[in-house]
Amino acid sequence: MSIKTDYKIPFTTFLNVINNELTDTDTKRHTICPSTEEPLWDAPVSTEEDVNRAVSAAKAAYPSWSRLSQDERADYLNKFADAIEANQEDFIELLGKEVGKPPQAGSFEMFFVMSLARETPKLRLKEEKVIDDADRTAIVRHVPLGVGVGIVPWNFPLTLGIGKLLPALLAGNTFIWKPSPFAPYSALKLAELGTKIFPPGVFQALSGDEGLGPLLTAHPGVAKVSFTGSVETGKKIMTACATTLKRVTLELGGNDAAIICDDVDIDAVVAKVTFLAFVHCGQICMNVKRIYVHQNIYDKFLATMVAVTKQFKTGDHTDPEAFFGPIQNSMQYGKLQDFYSHIGKSGWKTALGGEPGPKEGKGFYMPATIIDDPPDDSSIVTAEPFGPIVPVLRWSDEEDVIKRANASNLGLGASVWSKDVPRARRMAEQLEAGSIWVNTHFELAPNVPFGGHKESGLGMDWGEIGLQGWCNPQAYWVKHSS
Ligand code: NAD
C-alpha cells in the first residue's frame, strides 16, 4: 500500500486537540525519557475550562456524526488508518522516548495499533429480529451513547487508547482521549492526525495531571467512560461514574497463570512462555505472571528458562537488538525496587537475577529475575509486580493446580500448555479469567473481545462485544397495524 505523504506531521510539538484546534494551556508539564532521564517536550495541563470546551464540542458534533451510517463512519476510520501508517516510524521513535520501548518493542506496539486500525472498521453492529410475525416485529438493536471518554495507562499508550477510540467512533459516539500523565505524547499526536480526517469535536485529546481524570468522570455531559489501568483506580472511576450513571468499561490488572503439563516440548514452550513473561519488561496486563510447571519437568524447564532469558539483550530506545528496555517511569521503578527488596527479606530463591545493587548510570533498568518455587501466599505469587520478575511454581495434581491458578482476586487471562489438546482444553475451561488459552497466551485479535473477570474488570473491549459496549441496547417494537 502506498504511503500518503500529505498525512505526515512533525513530531516536535504536543498540544491538546479541542474541536479540531491545536490548543495550549498556561501551565505545562513534561515527562522524563526512561532511558536517558532527560526531560521530554512540554505538554498541556488541561483545566476544567478545557474539559468543558471539549465536552461541549463533542456534544455538538454528536448529532451529525451519529446520523452517519456505519459504512460512512468506517470510511473515515479507514482514512485515519492510512494517516497513522504514514507516520508509523515516527510513532515507533516516539514510543521509544516516551515509554522506553526499544525499536523491537515499539514495532510490537505499532503492529497492534495498525491491526486495530485496519480491522476495527470491518466490524458492524447488527440488529436481531427477535419476533417477526403477522401482528408485530420486535428488533433488538444498539444505539450510540453520546460523548465517550477513554482513560488510558502508560504501558501501551497507543494500543489501549485506539482500542477504545475506534469502536466508540464506529458505533456513532464522539470521543475524548485522556492519556496517562506518564505518557501523553503519542496520544496527542494521534489526535492531531485526527484533525486531518474527522469533523470537529468527533475525536479530541486532553493531556493533564492527576486532576484531569476526575474532572472527566464527574462531568454530566459524558455518557461513558472506558478505563484501562489499575484495580484501585478502576474502583474510584466506577464510584465517580455512579453519580450520573455513566456507562463504564474497566480493563484492570492481571495476575495471569500459565499451567505447563509434563508432555510439552520443553525447548519450544520455554521460548514462548519466557517471551510472554518478560515482553515489555513485564509491564503488560496480560504478561504471564505465574508459571506452574509439572514437577516431572520442573528442573529442566527452569534451567532452560534461565538460559533463554540470559539471551535477551538489555538496551535503550535506540538499540535495535534490545529486548529489555527500562521501566517506564520513576514511580513504577520505585515500586519495583520495593518489590525486589522482598527477595532477601522473604527468603525467596532466585534462579536468575535478584535485588539490584545501587543504581548506576542513567535509565530505570531492573534485572530480569526468576523466583524458584516460592510459597503460594508470597506477594510474588499473589500480587501483580508489573516488572521483569516472575515466579515459577511446581505442581503435580491437576485439580490442585487449577485451584491454585484460580486462587486470585484477579482473572484477566490464563493458559494451559500440553501436547494433549483435549486434556489442556478440559483444564483451561475450568480457569476463571476473561481470556483462556490453550498452547498460547496473550493471543489477541481486533475482532475478538478481551477483558477481565473478577477484579480484573467489567465489560470487554474489541470485537463485536466491545462495539456493543459503546451503545445502549434498544428494544424496537413495530405493530403492523394501528
Ligand atoms: P493507573 O490506574 O494509575 O492510571 C491509569 C489512568 O487513570 C491514567 O491515565 C491516570 O491518569 C488515570 N487516573 C488515575 N486516577 C484517576 C481518577 N481518580 N479518576 C480518573 N482517572 C484517573 O494505572 P497505570 O499505573 O497507568 O497502569 C498500570 C496498571 O494498568 C496495571 O495494574 C495494569 O495491569 C493495568 N493495565 C490493564 C490492562 C487491561 O487491559 N486489563 C492493560 C494495561 C494495563
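Here are the numbers for this structure:
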{"item": "The stretch 6-20, residues that are over 9 Å from Gln204 (Cα atoms) and open to solvent by 20 Å² or more (accessible area, probe 1.4 Å)", "result": "Asp6, Tyr7, Lys8, Pro10, Phe11, Thr12, Thr13, Leu15"}
{"item": "Qualifying residue in the stretch 442-451 (condition: at pLDDT 95 or above, more than 30 Å from Val113 (Cβ to Cβ) and open to solvent by 20 Å² or more (accessible area, probe 1.4 Å))", "result": "no"}
{"item": "Residues of the stretch 91-144 satisfying the condition of being part of a loop (DSSP other than H, G, I, E, B) and more than 23 Å from Gln328 (Cα to Cα)", "result": "Leu123, Arg124, Leu125, Lys126, Glu127, Asp133, Ala134, Asp135"}
{"item": "Given (1) in contact with a strand residue (DSSP E or B) (Cβ under 9 Å, 6 or more places away or on another chain); (2) under 15 Å from Pro153 (Cα atoms); (3) in a helix (DSSP H, G or I), index of the condition Val225 fails", "result": "(3)"}
{"item": "Complete set of residues in the stretch 275-323 that are in a helix (DSSP H, G or I) and either open to solvent by 60 Å² or more (accessible area, probe 1.4 Å) or at pLDDT below 95 (or both)", "result": "Phe275, Asp299, Lys300, Ala303, Lys310, Gln311"}
{"item": "Residue list for the stretch 353-384, filter: of a type in the set (Ser, Thr, Tyr) and not in a loop (DSSP other than H, G, I, E, B)", "result": "Thr369, Ser379, Thr382"}
{"item": "Scan of the stretch 253-274 for residues that are touching an Asp or Glu at 6+ places or on another chain (Cβ under 8 Å) and either open to solvent by 10 Å² or more (accessible area, probe 1.4 Å) or polar (S, T, N, Q) (or both), ordered by number", "result": "Asn255, Asp263"}
{"item": "Filter result (of a type in the set (A, V, I, L, M, F, W, C) and assigned to a strand (DSSP E or B)) within the stretch 145-156", "result": "Val147, Val149, Ile151"}
{"item": "Selection count where residues are within 14 Å of the ligand (Cβ to nearest atom) and either β-branched (Val, Ile, Thr) or in contact with a Pro (Cβ under 6 Å, 6 or more places away or on another chain) (or both), scope the stretch 427-464", "result": "4"}
{"item": "Filter pass, Ala60 being touching a residue at least 60 places away in the same chain (Cβ under 8 Å) and either part of a strand (DSSP E or B) or open to solvent by less than 80 Å² (accessible area, probe 1.4 Å) (or both)", "result": "yes"}
{"item": "Counted residues, the stretch 181-201 - those being surrounded by fewer than 24 Cβ atoms within 10 Å (Cβ to Cβ) and in a loop (DSSP other than H, G, I, E, B)", "result": "7"}
{"item": "In the stretch 202-230, residue farthest from the ligand (Cβ to nearest atom) [restricted to those that are aliphatic (A, V, I, L, M) and open to solvent by less than 30 Å² (accessible area, probe 1.4 Å)]", "result": "Val202"}
{"item": "Within the stretch 399-439, considering residues that are more than 22 Å from Met460 (Cα to Cα), free of Cβ contacts under 8 Å to residues at least 12 places away in the same chain and not basic (Lys, Arg), the one most open to solvent (accessible area, probe 1.4 Å)", "result": "Glu399"}
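The values are calculated or read from the model by the stated rules, or taken from the named source; none is laboratory data. On a predicted model such as this, the values are computed, not experimentally measured, just so you know. Don't worry about glycine lacking a Cβ; one is built from the backbone with ideal geometry, like all the others, and counts go over all protein chains shown. Just so you know, the surface numbers come from the protein's heavy atoms only, side chains and all, with ligands and any DNA or RNA stripped out. Shrake-Rupley method; radii C 1.70, N 1.55, O 1.52, S 1.80 Å.
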